[in-house]
Amino acid sequence: MNKYSIFSLARNALSHHENWQKAWRSPEPKKAYDAIIVGGGGHGLATAYYLASEHGMRNIAVLEKGWIGGGNTGRNTTIVRSNYLWDESANLYEKSMKLWEGLSQELNYNVMFSQRGVYNLGHTLQDLRDIQRRVNANRLNGIDGEFVTTEQIAERIPFINTSPDSRYPILGASFQPRGGTARHDAVAWGFARAADSLGVDIIQNCEVIGIRRDGAQVTGVETSRGYIETPKIGVVVAGSTSVIAEMAELRMPIESHPLQAFVSEPIKPILDTVVMSNAVHGYVSQSDKGDLVIGAGIDGYNGYGQRGGFQTIEHTMSAIMELFPVFSRVRMNRQWGGIVDVCPDACPIIGTTPIKGLYFNCGWGTGGFKATPGSGWVFAHTVANDAPHELNAAFSLERFITGALIDEHGAAGVAH
Amino acid sequence: MLLIPCPWCGERDESEFTCAGEAHIARPLDPDSLTDDEWGDYLFHRTNTKGWHREQWHHTAGCRRFFNVLRNTVTYEIKQVYKIGEFPQGEEQ
């Protein structure tokens, strides 16, 4: 794999950029692999990359039904933060944040990680208490965070509606300076290119249609491109988790919901940070291209159709209008829906299953993008060692039987 | 937007309703006799069907009554609406 650098850019400029090496191969599936990752989104590709780079497993493949990064990886609002309340999630997301901070260098691919800070607004006294508690918890866990007042918010974002007369007045916020955004497509492409250069086969247009077992041990996967033998299957398929689980006769504590996102027409730079609000339920940032990237909550019903309902669009826009009346005449360019796998406690499931050799990484719900590198890192450890890393040990499937839930629902900064 | 035929009020916009999750999950009559596995399954595990799904809806901004809907989770088509305690046509359980 040729390294990207200022010199490779100059060299390729001489040939009018027509001779760039392909970023990854398109190999035919082999008969057998040491491990197979099902799902070529950010998390799956990151898992494959860390399996190859950290655990020396290079005879592995990533199977993707469509094209890599074509699912939720390319359908989210790209926010990265690690200011979660509970120790288990704070440590997991902070691991991810640390990986983000060196990711472009490690992958030799610019993922455009921009630490522009994340505000989580509070609109009620209870919001403020929760925010202060969360900021304090974050600081005890070594995660940056501060409480900011309405005046400080107005100074930093002059056009946000801080009027005390608004329906949901802004009373304060938490601010995580190291939070920010990253380019979602580049994350998938960067991990794919880096994994491919370590020998990982990335096989697109290859749908898994069955899981073969010998007793309680997996032996391979049936795919739309034939049977592939493998002793280890790591499933990272977000909204399709229950579909794959059913192939292995597992029941999951997961429900799939559409989650919508929006981008506006490009406008001149106006918003240089990320603003999220739990109470009015919306979040917004501005991409480097100039469009406002907007998201909100899930559609309330189970759904696998990658689109969303109109009343959710209306709800999202009214939330954004409440916070930013100045955006009222900005037109939305595009809207789309991704299928998110929602867990009862709004925390992921990353671990082993009762079936040997079958591992699941799912349940990220509405907030998986920020965890992409960390999720891949701990899941690679889990698949390679047949046991979870201490960072993801608490995120087991068994917690729904033992009752040891990690109750981030409501405790997390946003908008789940 | 879905157009949902409430068995009592007729067709109304989805925005009047709240989806109340998978239908036909009966509360165990004797919870103390359940194993942890069974109790966890009752509380948390869901069928999450891709295709025809039986679910409960609540007419929150209308008659405020619950009812069941047989809906396709891919096309979002509603095939049948039936009352609590009943089953879809042709299905016994």
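Quick notes
- Which numbered condition residue A:279 misses (of (1) within 13 Å of chain B (Cβ to nearest Cβ); (2) touching a residue at least 12 places away in the same chain (Cβ under 8 Å); (3) surrounded by fewer than 19 Cβ atoms within 10 Å (Cβ to Cβ)): (1)
- Residue count for region A:298-312 under the criterion of being surrounded by fewer than 19 Cβ atoms within 10 Å (Cβ to Cβ) and either within 18 Å of residue A:184 (Cβ to Cβ) or not hydrophobic (A, V, I, L, M, F, W, C) (or both): the result is 5.
- Candidates A:83, A:91, A:110: the one that is in contact (Cβ under 8 Å) with a residue 24 or more places away in the chain and over 17 Å from the mean Cα position of the chain (by Cα) is A:110.
- Matching residues in region A:94-109 - criterion: being surrounded by 23 or more Cβ atoms within 10 Å (Cβ to Cβ) and out of contact with any Pro (no Cβ under 8 Å at 6 or more places or on another chain): A:97, A:107
- Qualifying positions in region B:1-15 - more than 9 Å from chain A (Cβ to nearest Cβ) and either of a type in the set (D, E, K, R) or closer than 21 Å to residue B:85 by Cα (or both): B:4, B:5, B:6, B:7, B:8, B:9, B:10, B:11, B:12
- Extreme residue, farthest from the other protein chains (Cβ to nearest Cβ), among residues of region A:313-328 that are surrounded by fewer than 22 Cβ atoms within 10 Å (Cβ to Cβ) and among the aliphatic types (A, V, I, L, M): A:326
- Residue A:373, sole failed condition from (1) in contact with a strand residue (DSSP E or B) (Cβ under 9 Å, 6 or more places away or on another chain); (2) farther than 25 Å from residue A:218 by Cβ; (3) away from every other protein chain (no Cβ under 14 Å); (4) surrounded by 24 or more Cβ atoms within 10 Å (Cβ to Cβ): (1)
- Residue identified as surrounded by 24 or more Cβ atoms within 10 Å (Cβ to Cβ), β-branched (Val, Ile, Thr) and closer than 20 Å to residue A:141 by Cα among A:378, A:383: A:378
- Tallying residues that are within 7 Å of chain A (Cβ to nearest Cβ), assigned to a strand (DSSP E or B) and not polar (S, T, N, Q) within region B:16-42 yields 1.
- Among the candidates A:250, A:323, residue that is under 20 Å from residue A:207 (Cβ atoms) and in contact with a Leu (Cβ under 9 Å, 6 or more places away or on another chain): A:250
- Positions within region A:52-72 being modelled with pLDDT of 95 or more, out of contact with any Phe, Trp or Tyr (no Cβ under 8 Å at 6 or more places or on another chain) and part of a loop (DSSP other than H, G, I, E, B), in sequence order: A:56, A:57, A:58, A:64, A:65, A:66, A:67
- Residues satisfying the stated conditions in region B:43-77, i.e. within 24 Å of residue A:339 (Cα to Cα) and away from every other protein chain (no Cβ under 11 Å): B:52, B:68, B:70
- For region A:348-367, taking the residues that are in a loop (DSSP other than H, G, I, E, B) and in contact with a Gly (Cβ under 8 Å, 6 or more places away or on another chain), the one that is surrounded by the fewest Cβ atoms within 10 Å (Cβ to Cβ) is identified as A:366.
- In region A:301-312, the residues that are more than 7 Å from chain B (Cβ to nearest Cβ) reach residues that are in a loop (DSSP other than H, G, I, E, B) with C-beta atoms within less than 8 angstrom, at least six apart or across chains, in these pairs: A:306/A:75; A:308/A:299; A:312/A:299.
- In the condition set (1) in a loop (DSSP other than H, G, I, E, B); (2) surrounded by 13 or more Cβ atoms within 10 Å (Cβ to Cβ), residue B:55 is compliant with all but (1).
- Of the residues in region A:226-248, not one is farther than 30 Å from residue B:48 by Cα and not basic (Lys, Arg).
- Residue A:173 of a type in the set (A, V, I, L, M) and either touching a Gly at 6+ places or on another chain (Cβ under 7 Å) or in a strand (DSSP E or B) (or both): yes
- Being away from chain B (no Cβ under 14 Å) and modelled with pLDDT of 90 or more holds for only one residue in A:298, A:339, A:350, and it is A:350.
- When region A:194-212 is filtered for residues that are part of a helix (DSSP H, G or I) and surrounded by 22 or more Cβ atoms within 10 Å (Cβ to Cβ), the ones remaining, listed by number, are A:194, A:195, A:196.
- Subset of region A:242-274 (residues that are in a strand (DSSP E or B), away from chain B (no Cβ under 14 Å) and surrounded by 16 or more Cβ atoms within 10 Å (Cβ to Cβ)): A:259, A:261, A:262, A:263, A:264, A:274
- Meets criteria (touching a strand residue (DSSP E or B) at 6+ places or on another chain (Cβ under 8 Å), at pLDDT 95 or above and surrounded by 23 or more Cβ atoms within 10 Å (Cβ to Cβ)) for residue A:49: no
- Filter result for residue A:288 (at pLDDT below 95 and charged (D, E, K, R)): yes
- Members of region A:283-331 found to be aliphatic (A, V, I, L, M) and in contact with an Asp or Glu (Cβ under 7 Å, 6 or more places away or on another chain), listed by number: A:330
- Here residue A:227 does not fit the description of being in contact (Cβ under 8 Å) with a residue 24 or more places away in the chain and either touching a strand residue (DSSP E or B) at 6+ places or on another chain (Cβ under 7 Å) or not in a loop (DSSP other than H, G, I, E, B) (or both).
The values are calculated or read from the model by the stated rules, or taken from the named source; none is laboratory data. Just so you know, these numbers come straight off a predicted model, no measurement behind them. Reconstructed Cβ throughout: ideal geometry from the backbone, glycine too, with neighbour counts over all protein chains shown.
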